[in-house]
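The values are calculated or read from the model by the stated rules, or taken from the named source; none is laboratory data. Quantities reported herein were computed from a predicted structural model and do not represent experimental measurements. Cβ placement follows ideal geometry from the backbone for every residue including glycine, while neighbour counts extend to all protein chains displayed. The protein model used for the area step is the full one, side chains on, heavy atoms only, and it has no ligands, DNA or RNA in it. Shrake-Rupley method; radii C 1.70, N 1.55, O 1.52, S 1.80 Å.
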Amino acid sequence: MQSESVPSYQMFVGGAWTQSHSGRNYPVFNPATGRVLAHAPKGDHEDARASVDAAKKAFEDPAWRTMDPSKRGRVLLKIAQTLRERLSDFAKLETTNNGKPLGQAKGDIAMSARHFEYFAGLADKIQGSTIPVPGNRFDFTIKEPLGVTVHIVPWNYPLVMAARSLAPALAAGNTAVAKPASFTPLTLLKFAELCKESGLPDGVLNVITGGGEELGGALAGHKDVRLVAVTGSVETGMKIMEMASASLAKTVLELGGKNPTIVFADADIERAAQGVMNGIFTNAGQMCWAGSRLLVQNEVKDRIMEKLVSGAEGMRLGNGMEADTAMGPLVAESHRKKVSDNVESGVQEGARVATGGKVPDEEELRSGYYYSPTILDDVSHDMKVAMEEIFGPVLTVTPFSDEKDALMKANYVDYGLWAGVWTRDLRKAHTMARELEAGIVCVNEEPLTFPQTPFGGFKKSGNSSEQGMDAMSSYVRVKNVSVNLD
Ligand code: NAD
């Protein structure tokens, strides 16, 4: 890696830094200033092939695949420890590349370390079973690693989303090629080097950078790839599933969301309002599981709206490196345009801007990609703005009359990732949790997850689950062995 005022990064393949095959680079921006932060290699299909070859070679070498699994776990633990030691540097890099406030970036890096700690502990607990069968036979199963796994990562949580799928894949003895989103490649590149320093053998983790269509396609369709884990939009997930079908590679798809937060009249409105705010304005709303649709019972709508509007208007927008910044910029100018277009189209459909809905005009925010925290009122559940993911700091507000009405409206969309319920009534809470079509339900809680709790979507939000013990089943294959003892 060169060190200049604007550094040029390289890709990490086979345990070494390498230039892209084409020799081309592209600029990576700081969204808070609009300035070029670094250059990264613009990889092509040749780079994809080389990275899969390196991962395949590392898988065929028994050093990693057949390593004592406790030892493999200790390597993952060492990676987590080293990451914690460098938490501050990684967090600063994440903030300057993604735009999120530094406190949130620190949380991301700690969560990345937690994913490695959790799966480090599971590395020597990937057990098969013995199965009673007729006759004098002994039948048992073995859970084996798959081989080369590919990890396609979004820009909203650049390191955490990579760590979330890499940790179980590596714990099981697989090797990996990871591709960060082109907006935000920097922390994952540095992480690859950190893994090597922490004892990960060469070629076990490769990181290549460049455009999604070209690189992602070449990786997902590669004949030697056994699994593709994608965190991204529904459209990308569908394309990747189709490409992976050429070699029948497994897919782990973690996709978009348009998530309801349901607030009943009996809820603690003060806490619910804070939960709704955090659920939509954290990370500038660029969250798959953002609580982007508020469904509120008629009786308390005015009360909660008052709190939400004053809360949104009180948020300080700014560079994520400044201590009092509550919300940073969006990741890119092109993304801000998409968010703004979505708001305009919502207004054309009949939504009313209760606050925000614009690019802020303060002088100090002009060069970054800022967008005001936005609340759209008078939104009916079947409007486009209430059904399609915006992926920005935009909350829609829709009233409901009773439980049945709330459920119908909550389940109305094609997505099913997260849902929130605010109520003091235990019966209502459990009934809603049972009936909501969402992979994650939080009761009296803003969106919250832990490495040990499953994270996955229903319907178009995905086809499996990351995190927790269940995630491991995606990253292994099951072999049955039957031994005739006669
Ligand atoms: P995106 O789909 O544009 O990109 C995701 C990744 O896929 C990037 O690395 C990109 O380069 C790559 N990619 C894009 N097109 C591709 C193609 N044709 N073939 C192969 N790879 C391709 O998504 P994004 O804008 O980076 O992230 C936002 C999306 O991610 C939102 O929809 C959000 O909800 C979703 N997301 C989901 C989760 C989850 O856990 N369910 C978490 C975070 C983000």
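With respect to Asp402, is the statement that it is open to solvent by 70 Å² or more (accessible area, probe 1.4 Å), at pLDDT below 95 and either more than 16 Å from the ligand (Cβ to nearest atom) or out of contact with any Phe, Trp or Tyr (no Cβ under 7 Å at 6 or more places or on another chain) (or both) true? No, not satisfied. For region 60-91, filtered to residues that are touching a Ser or Thr at 6+ places or on another chain (Cβ under 7 Å) and not aromatic (Phe, Trp, Tyr), the residue that is farthest from Leu186 (Cα to Cα) is Val75.
Determine, yes or no, whether Gly211 is under 28 Å from Gln19 (Cβ atoms), away from the ligand (no atom under 12 Å from the Cβ) and open to solvent by 10 Å² or more (accessible area, probe 1.4 Å). When the stated conditions are applied, Gly211 does not pass them. Taken together, the criteria exclude Val347 from residues that are touching a Gly at 6+ places or on another chain (Cβ under 6 Å), touching a residue at least 12 places away in the same chain (Cβ under 8 Å) and not assigned by TED's automatic domain parsing to the domain that holds Thr95. Consider Thr231 carefully, then state whether it is in contact (Cβ under 8 Å) with a residue 24 or more places away in the chain, open to solvent by less than 30 Å² (accessible area, probe 1.4 Å), more than 15 Å from the ligand (Cβ to nearest atom) and polar (S, T, N, Q). No.
Meeting the requirement of 1 or more residues that are within 16 Å of the ligand (Cβ to nearest atom), of a type outside the set (Gly, Ala, Ser) and touching a strand residue (DSSP E or B) at 6+ places or on another chain (Cβ under 9 Å), the strands (runs of 3 or more DSSP E) wholly within region 112-180 are 148-152, 175-179. Would you pick out the residues in region 433-463 that are assigned to a loop (DSSP other than H, G, I, E, B), open to solvent by less than 30 Å² (accessible area, probe 1.4 Å) and away from the ligand (no atom under 12 Å from the Cβ)? Residues satisfying the conditions are Leu436, Pro451. Listed by first and then second residue, the pairs linking a residue in region 319-341 that is over 13 Å from Glu94 (Cα atoms) to a residue that is among the basic types (Lys, Arg), with Cβ atoms under 7 Å apart and 6 or more places separating them unless they lie on different chains, are Asp324/Arg316; Thr325/Arg316; Ala326/Arg316; Leu330/Arg336. Against the list (1) assigned by TED's automatic domain parsing to the domain that holds Met161; (2) surrounded by 16 or more Cβ atoms within 10 Å (Cβ to Cβ), the condition Ser247 fails is (2). For Ser482, the stated conditions hold: it is more than 29 Å from Val353 (Cβ to Cβ), part of a strand (DSSP E or B) and open to solvent by 60 Å² or more (accessible area, probe 1.4 Å). Would you say Glu306 is of a type outside the set (A, V, I, L, M, F, W, C), farther than 23 Å from Gln274 by Cα and more than 26 Å from the chain's Cα centre (by Cα)? Judged against the criteria, Glu306 is not a match. Selection of region 1-23 for residues being surrounded by 16 or more Cβ atoms within 10 Å (Cβ to Cβ) and of a type in the set (A, V, I, L, M) yields Met11, Val13. Within the bounds of region 425-433, is there any residue that is in contact (Cβ under 8 Å) with a residue 12 or more places away in the chain and under 28 Å from Gly357 (Cα atoms)? Within region 425-433 (the criterion being in contact (Cβ under 8 Å) with a residue 12 or more places away in the chain and under 28 Å from Gly357 (Cα atoms)), the answer is no, since none of the residues qualifies. It is to be established whether one or more residues within region 286-303 are within 27 Å of Pro185 (Cβ to Cβ), among the aromatic types (Phe, Trp, Tyr) and touching a Gly at 6+ places or on another chain (Cβ under 8 Å). Yes, the conditions are met somewhere in region 286-303.
Looking at Thr398, Thr374, Thr423, just one residue is hydroxyl-bearing (Ser, Thr, Tyr), in the same structural domain as Gly318 (by TED's automatic domain parsing), touching a helix residue (DSSP H, G or I) at 6+ places or on another chain (Cβ under 7 Å) and closer than 30 Å to Gly34 by Cβ, and that residue is Thr374.
Of everything in region 18-34 that is in a strand (DSSP E or B) and free of Cβ contacts under 8 Å to residues at least 40 places away in the same chain, the residue that is nearest to Gly328 (Cα to Cα) is Pro27.
Sort out which residues of region 421-432 are assigned to a helix (DSSP H, G or I) and open to solvent by 40 Å² or more (accessible area, probe 1.4 Å), and write them in order of number. If the condition is that a residue be assigned to a helix (DSSP H, G or I) and open to solvent by 40 Å² or more (accessible area, probe 1.4 Å), then Leu426, Arg427, His430 are the ones that fit. For region 253-293, the tally of residues that are near the ligand (Cβ under 10 Å from one of its atoms) and open to solvent by 20 Å² or more (accessible area, probe 1.4 Å) stands at 2. Being more than 24 Å from the chain's Cα centre (by Cα) and either of a type in the set (Asp, Glu) or open to solvent by 50 Å² or more (accessible area, probe 1.4 Å) (or both) is the filter here; which residues of region 24-43 pass it? Within region 24-43, Arg24, Asn25, Arg35, Val36 qualify.
Condition check: of a type in the set (Gly, Ala, Ser), open to solvent by 10 Å² or more (accessible area, probe 1.4 Å), away from the ligand (no atom under 14 Å from the Cβ) and not in a helix (DSSP H, G or I). Does Gly203 satisfy that? Answer is no for this residue.
In region 91-101 there is no residue that is open to solvent by less than 30 Å² (accessible area, probe 1.4 Å), assigned by TED's automatic domain parsing to the domain that holds Ala249, under 23 Å from Asp202 (Cα atoms) and touching a residue at least 60 places away in the same chain (Cβ under 8 Å).
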